[in-house]
Amino acid sequence: MGAGVMQKDGGGGGRRRKRSRARPMAEINVTPFVDVMLVLLIIFMVAAPLLTVGVPVELPKTAAGALSADQEEPLTVTITSTGSVQIQTTETPREELIGKLRAISAERESDRVFLRADGAVPYSDVMQIMGALNAGGFSNIGLVTDTGGPSLDGTDTSGG
């Protein structure tokens, strides 16, 4: 009686198979990363306009009228070409300007003031007076100019 021996490798000779180890990759595969980024870009491009649209609302209607214009005479501060400062038509020394502006601000309802300055007045003087107006309680400052001056494209709109 004979006993047979069976080999697992199929009996194909005496060659032994070497186990090959997988070498670590030296390069990073960026294709999946780029794919994900492109998908996210498309999602954000589609979603961004939807985020800025407001909710449509029909506002209630009331019998209240629009706010009326200022009932007070507008306060005007003028800087002349000589550098003197006038509140309305009264000349005011610069040292007393903030104190007078605070007193006027306490009596008025509106914090609106119009600042007029001669074109020859240096920019720094105009800014100093604007700072004084702000310190005096006026935060709504309008700069007054004449119309018909030169435009930025080089054309003269003065008509002459």
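The values are calculated or read from the model by the stated rules, or taken from the named source; none is laboratory data. It should be emphasised that the depicted structure is a prediction, and the values quoted were computed from it without experimental measurement. No Cβ is skipped: glycine too gets one built from the backbone with ideal geometry, and neighbour counts run over all protein chains shown.
Which residue is modelled with the lowest pLDDT, if the candidates are limited to region 107-130 and must be among the polar types (S, T, N, Q) and in a helix (DSSP H, G or I)? Explain how you work it out, then say what you get.
From region 107-130, those among the polar types (S, T, N, Q) are 110, 124, 128; that's our starting set.
Next, from what is left, pick out any that are in a helix (DSSP H, G or I): 124, 128.
Values: Ser124: 89, Gln128: 92.
Here the residue is Ser124.
If you go through region 84-99 and keep only what is surrounded by fewer than 16 Cβ atoms within 10 Å (Cβ to Cβ) and under 19 Å from Glu73 (Cβ atoms), you end up with Gln86, Gln88, Thr89, Thr90, Glu91. Applying a threshold of 9 Å to beta carbon distances and a minimum spacing of six or more residues, or different chains, the list of pairs starting in region 84-106 at a residue that is part of a helix (DSSP H, G or I) and ending at one that is surrounded by fewer than 11 Cβ atoms within 10 Å (Cβ to Cβ) and of a type in the set (Ser, Thr, Tyr) reads Lys100/Thr90. When Val57, Val77, Val53, Val46 are screened for being farther than 19 Å from Met127 by Cβ and at pLDDT 80 or above, only Val46 passes. Taking (1) exposed (fewer than 10 other Cβ atoms within 10 Å of the Cβ); (2) at pLDDT 85 or above in turn, Leu40 satisfies each apart from (1).
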